[in-house]
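Engineer: Have a look at this one before I ask anything.
Read the figures in this text as sums done on the coordinates, not as results from a lab. Computed from a predicted model, the values in this text were never measured in an experiment. Glycine gets a Cβ as well: all are built from the backbone with ideal geometry, and neighbour counts include every protein chain shown.
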Amino acid sequence: MDILEAILTRRSIRKFTGEVLNDDDLKTILKAGFYAPSAKNFQPWHFVIVKNSKTLEDISQIHPYAKMVPSAGCCIVVCGDKNDQNEEGFLIEDCSAAIENMLLAAHGIGLGAVWLSMYPISSRSEPIAELLSIPKNLITVGMIAVGYKSEEKTTDDRYKLEKIHFEKW
């Protein structure tokens, strides 16, 4: 898929077939995450892959917007290592860029995915970190439910001239 087509047609998918993601597709998505830009090229991200049905169900009970996670068949939790990037803002930006790359990669290979935010809401991030035994030096930034989609979504025009400013506001 052409990169501009991927950017303009990617949508959040919340309905999945339940089939577990195969390892080749997962590797493609993860590789895209590793190629995201990062401040000073520190690459502070870590990815926790969850396919266990009980753990996916637990995640859906913890996160209020993750009810689709069990049917996705795979969840990628994206964490940022404070030991690799001590500027928290940069760490969040870096991990967010990795998430976006993975969302685009999933779409590009015909899969569905949705970004589920966690940071800075501790009632989401802390229980997920505990459930997955994530070390204290990592910030759980967000997660991606990814799988074989059972819905299609149309695109709309989001280009807004009124939000573009040249030289000055």
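Engineer: What FRET efficiency, computed as 1/(1 + (r/R0)^6) with R0 = 35 Å and r the Cβ-Cβ distance, is obtained for SER53 and ASP157, rounded to the nearest 0.05?
Structural biologist: Working: r = 39 Å, r/R0 = 1.12.
Rounded to the nearest 0.05, the efficiency is 0.35.
Engineer: At a Cα cut-off below 15 Å, give the aspartates and glutamates reachable from LYS136, other chains included and same-chain residues fewer than 8 away excluded.
Structural biologist: Leaving aside aspartates and glutamates fewer than 8 places away in the same chain, those within reach of LYS136 are ASP81, ASP84, GLU88, GLU126.
Engineer: Follow-up. Which FRET efficiency value, to the nearest 0.05, do you get for GLU87 and LYS27 by plugging their Cβ-Cβ distance into 1/(1 + (r/R0)^6) with R0 = 30 Å?
Structural biologist: The calculated FRET efficiency here is 0.50.
Engineer: Now a separate question. Roughly speaking, what % of Cα-Cα pairs in the chain are separated by over 25 Å, rounded to a whole number?
Structural biologist: Details: 4715 of 14196 pairs.
It works out to 33 percent of all Cα pairs.
Engineer: Using modelled amide H (1.01 Å from N, peptide plane; none on Pro or chain starts), what sits under 5 Å from the amide H of LYS153, excluding residues fewer than 5 places away?
Structural biologist: Amide H neighbours of LYS153: none.
Engineer: Which cross-chain or sequence-distant (5 or more) residues have an amide H under 5 Å from the amide H of LEU116, H modelled 1.01 Å from N in plane?
Structural biologist: MET143, ILE144, ALA145
Engineer: Right, here's the next one. Between the stretch 98-169 and the stretch 1-42, how far is it from one alpha carbon centroid to the other, in angstrom?
Structural biologist: Taking the Cα centre of the stretch 1-42 as reference, the centre of the stretch 98-169 is 10 Å away.
Engineer: Turning to a different aspect of this structure: Quick one: dipole size for the stretch 9-151, taken about the Cα centre, charges +1 on Lys/Arg Cβ and -1 on Asp/Glu Cβ, in debye to the nearest 20. Write out the running numbers ahead of the final one.
Structural biologist: Working: 14 positive and 16 negative charges, 74 e Å.
Result for the stretch 9-151 is approximately 360 debye, rounded to the nearest 20.
Engineer: Next question. Ignoring everything except DSSP H segments at least 4 long, calculate the 222 nm mean residue ellipticity for the chain; use -39,500 (n - 2.57) per segment, divide by total residues, nearest 500.
Structural biologist: Details: 6 runs with 64 residues, N = 169.
Computed ellipticity for the chain at 222 nm equals -11500 deg cm²/dmol.
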